[in-house]
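Values quoted throughout were computed directly from the atomic coordinates according to the rules given, and no laboratory measurement underlies them. From a predicted model like this one, the values you see are computed outputs, not experimental measurements. Neighbour counts are summed over all protein chains in view; Cβ atoms, including those assigned to glycine, are modelled from backbone coordinates with ideal geometry.
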Amino acid sequence: MSAGLEIRGKSMRIWIKTKSTETPIKETLDWAHTPENIERAKKLADLIKLEIQLDQFDLGKHFPNSKHIKKNQIAYYVKVWQTMAVKEVAPITYDNYLSKINIHVLPRWGKTHPKDVDTVSVKKWIHKLKETLNPKTIREVVTRLATIHAIWRHEHQISYNPFESINIQQLDGPEPDPFTKTEIALILNTPTDLDIENLLPCIMWTGLSISEQLPIAWEDIDLDKGLIYINRSFVKNIYRVTKNRRRKRELKLLKPAIDALRKQYKITGHYSPKIINVLQRDNQTYKKEQVRFVWINQEQNTHFKYHELCYRWNKHLRKTNVRKRGVNQGRHTFASQLLSSGQVPPEWIADQLGHTDTSMIYKHYGKLIADDMPDYLTKINNYINQ
């Protein structure tokens, strides 16, 4: 346990070893290389050595901005971020964020002083990440570091933002690949398991995402009025209220969906209710709900999990000889079929899907399936000739 002065060229560093088993830490002195400062540095090293021997040494007293002080490390601000994020985001989201931080952020930046995080070093890090990660994941990882760094900047009122000019090109997601009218007929008319026989029309004709479809309960449905109320979702074994109030919506049911639900009611409509805990929008509070699920996996005596439904779906598609697509394409099929019918305005479709406006409709469903496009030219000519 000791301390001393190390001079290399015109650079002066104090080396400090507080425990015999630890590697010495080194603090560079931002002093001009002059005889006076060299003497001053020797005295500082002697003072630190004495303080270590008397067990009175405080690194922050001599080097308040040292990167070896935990509060001056990104790792410290990760802890600060954790205390805030755990109260602000859903448990699944929090776990996802923390995983990316532990795997990608802390190994590179954990012991780095936030002031040493600059645009150039971040860009070099991104270049390295590109070797193993896709653009979407890189964007998420860099966002986590930027969020953590922002806590330090706010705390110290630092205006410089090293992430301001960082731009990560994100590849477009896969285009919707909806089923054609012919394929829909094959899917719905091919015999299948009783568990999903009535679910298939609702996958095609409600516009619900699978996370909304799975936890639908009879308490959410008014068959006489032809309405279904979207009150919750089910993702990674967690029930939660819809992300925003727009997604908590009243959905008007089309006739194929109503017919399928009437048949399903005879199967599961009189099942005993189950009590579930639903995570609220504050991501902290759970509310108990008593519900009778509509889509029961008879093997498990509860509603389908996503992977269970995917297995049944793929099994059914093989029977139909329809080209394989994911079960979520049912939602895309609903939108594309209504658009290509020419009978429904985009605003109505957007409302059914839970979108705030039609921008997502035009972005995702602008390219309609040629087989299902109405013959607009004939319609126009007939109108002119009337």
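Taking region 1-57 as the range and being surrounded by 14 or more Cβ atoms within 10 Å (Cβ to Cβ), among the basic types (Lys, Arg) and closer than 26 Å to THR112 by Cβ as the test, the residues that pass are ARG13, LYS17. Tell me whether region 309-322 contains one or more residues that are over 18 Å from LYS255 (Cα atoms) and among the hydroxyl-bearing types (Ser, Thr, Tyr). Yes: one or more hits.
Take the residues of region 221-272 that are among the basic types (Lys, Arg) and part of a strand (DSSP E or B): which is surrounded by the fewest Cβ atoms within 10 Å (Cβ to Cβ)? Step by step, filter region 221-272, then rank; the result is LYS252.
Yes/no matrix, rows are residues, columns are (1) over 29 Å from the mean Cα position of the chain (by Cα); (2) crowded, with 19+ Cβ neighbours inside 10 Å:
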| position | (1), (2) |
| --- | --- |
| ILE138 | no, yes |
| LEU145 | no, yes |
| TYR160 | no, no |
| PHE163 | no, no |
| ILE166 | no, no |
| ASP177 | no, no |
| LYS181 | yes, no |
| ALA185 | yes, no |
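Summed over region 304-332, the residues that are of a type in the set (A, V, I, L, M, F, W, C) and loosely packed, with under 15 Cβ neighbours inside 10 Å give a count of 0. Beta carbons closer than 8 Å, at least 6 apart along the sequence or on distinct chains, never pair a first residue in region 1-22 that is in contact (Cβ under 8 Å) with a residue 60 or more places away in the chain with a second that is in a strand (DSSP E or B). Of the numbered conditions (1) small (Gly, Ala, Ser); (2) more than 25 Å from LEU194 (Cβ to Cβ); (3) surrounded by fewer than 17 Cβ atoms within 10 Å (Cβ to Cβ), SER336 satisfies every one except a single condition; which is it? Of (1) small (Gly, Ala, Ser); (2) more than 25 Å from LEU194 (Cβ to Cβ); (3) surrounded by fewer than 17 Cβ atoms within 10 Å (Cβ to Cβ), only one is false for SER336: (3).
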